[in-house]
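No lab work stands behind these numbers, since they all come straight from the coordinates. Note that the structure is predicted; figures quoted are calculated from it, not measured. All Cβ positions, glycine included, derive from the backbone under ideal geometry; neighbour counts span all protein chains shown.
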Amino acid sequence: MITTSHRLLALTAVSVLTLAGALSCASPTSADERVQLSLAEGMVPEGTTIDDAEVPGVTRLDPVLRDALQRAQADAGMTFYVNSGWRTSAFQQSLIDDAIETYGSWQEASRWVASSEGSAHLTGDAVDIGGWDAAGWLQANGAAYDLCQIYDNEGWHFEIREGAANDGCPRRYADATEDPRNAG
């Protein structure tokens, strides 16, 4: 005969096994694990500089880009903070999804976030500089290091343009929708 206490014991055992199974398949729950996964995808923590040797969003930048930024930083006499650098296509897609939610459509969002196929961040060829002083300094002086602002509406976004030190930066696009890398 099955008693109420046997039923409760069986139900408890099933619940514990179900919970254990769910936990073994669940996403990491510790803050450290979430940060590491985010860092691995290209998230850049606040306060990260171009000299940071621990953040993949910085260390996976193209070496020519990173070197130019470090030389410019030394000459500027200020710290260049990095808001964004290298990132994965999954992270780029999450930015696109957030922008669509914010702006209401891909058409409007694409002015601010490049496609996963067209973003220079995915190859480590673009950096978003934090702080208007540093971004302004690069806008005025970056060409001497082959560092160019690419989009009029993103005063923080810089990429290497070989020859800019001699010929100046090429004409900027109004926004990412004019960039042929984002066509399609």
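Counting other Cβ atoms within 10 Å, keep those with at most 15, restrict to DSSP loop, and tell me which GluC sites (Glu not before Pro) in segment 97-159 are left. Walk me through the numbers before you get to the answer.
Details: sites: GLU101, GLU108, GLU117, GLU154, GLU159; in loops: GLU117.
Answer by residue number: GLU117.
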A correct Karplus calculation of ³J(HN,Hα) over segment 77-83, with 6.51 cos²θ - 1.76 cosθ + 1.60, θ = phi - 60°, whole Hz and x for Gly and Pro, returns x, 9, 8, 9, 7, 10, 8
From the C-alpha coordinates alone, can you work out the Kirkwood hydrodynamic radius of segment 32-184, in Å?
15.6
Return the loop-located trypsin sites (Lys or Arg not before Pro) in segment 99-177 (DSSP other than H, G, I, E, B) with at most 13 other Cβ atoms within 10 Å of their own Cβ; answer none if there are none.
ARG171
